[in-house]
1. Could you check the stretch 44-93 and list, in sequence order, the residues that are buried (at least 16 other Cβ atoms within 10 Å of the Cβ) and touching a residue at least 60 places away in the same chain (Cβ under 8 Å)?
2. When you scan the stretch 68-136 for strands (runs of 3 or more DSSP E) that lie fully inside it, which ones turn up with 1 or more residues that are hydrophobic (A, V, I, L, M, F, W, C) and more than 21 Å from Ala150 (Cβ to Cβ)?
3. Specify which of the listed residues (Gln20, Gln69) is more than 16 Å from the chain's Cα centre (by Cα) and modelled with pLDDT of 85 or more.
4. Which of the numbered conditions does Thr110 fail, given that it passes all the others? Conditions: (1) at pLDDT 80 or above; (2) hydroxyl-bearing (Ser, Thr, Tyr); (3) buried (at least 16 other Cβ atoms within 10 Å of the Cβ).
5. Can you spot a residue in the stretch 125-135 that is of a type outside the set (Gly, Ala, Ser), closer than 28 Å to Arg52 by Cβ and either out of contact with any Lys or Arg (no Cβ under 9 Å at 6 or more places or on another chain) or at pLDDT 90 or above (or both)?
6. Can you tell me which of (1) on the phi < 0 side of the Ramachandran plot; (2) at pLDDT 90 or above is the one His75 doesn't meet?
7. When you look at Ile83, is it modelled with pLDDT under 90 and of a type in the set (A, V, I, L, M, F, W, C), yes or no?
Amino acid sequence: MASLGVLHWMPISTIRTNAQAGFTLLELLVVLVLVSTVLALATLAIPNHSERYWRDNLEALRASLNAAQDEAILHAIPITAEIDSQGWRFYQNTRAGTLQVMSDPFAPRTWQIPVTVAPTVWPLGAEPSTTYEAVEIREGGRDGQGERRAILMRNANAQFVIHTPGTGSR
């Protein structure tokens, strides 16, 4: 009898039988919509690191080539720049006549994302009239089917520039 007294004081709407236990279809749909919305917003909030790495790599390459060119001209010491799919490096002639890898700020750098580029070696510090062949850099692995590409070239002022089709030069 005591248990009936407890039931008597509970509101009738909160008492459920086993047949009524669980969630309604409407409650499940509301939760599903809320979870979908949160996941969609979270996906949009994830930044595109690949694009940022691509731009940062190109800017670092351009800046270091121009700085090495200026350094070679200023000190009248030839510097050799080497660019390939692994990264880029700068070499300086030693007194023994060999090439030595330079340290900061011209230390070797690696690409932060995979790129395809034909191996290129440029002597820096030469006369501004020296012609440099433009180099195409593609995002992606060995197949060269990346979605982004850039052209590294030297402008009329003897400065290295990066031309990215569709966005212009930097």
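The values are calculated or read from the model by the stated rules, or taken from the named source; none is laboratory data. None of the values given here were measured: they were computed from a predicted structure. Here the Cβ positions follow ideal geometry from the backbone for every residue, glycine too, while neighbour counts run over all protein chains shown.
1. Of everything in the stretch 44-93, those that are buried (at least 16 other Cβ atoms within 10 Å of the Cβ) and touching a residue at least 60 places away in the same chain (Cβ under 8 Å) turn out to be Trp54, Leu58, Leu61, Arg62, Leu65, Asn66, Gln69, Ile83.
2. Working: elements: 79-83, 87-93, 99-101, 115-117, 120-124.
The qualifying strands (runs of 3 or more DSSP E) are 79-83, 99-101.
3. Working: Gln20 fails: modelled with pLDDT of 85 or more.
Criteria check complete, one pass: Gln69.
4. Here Thr110 clears every test but (3).
5. If we filter the stretch 125-135 for residues that are of a type outside the set (Gly, Ala, Ser), which is where we start, we get 127-128, 130-133, 135.
Keeping just the survivors that are closer than 28 Å to Arg52 by Cβ gives 132, 135.
Next, from what is left, pick out any that are either out of contact with any Lys or Arg (no Cβ under 9 Å at 6 or more places or on another chain) or at pLDDT 90 or above (or both): 135.
Yes, the stretch 125-135 has at least one match.
6. Condition (2) is where His75 drops out.
7. No.
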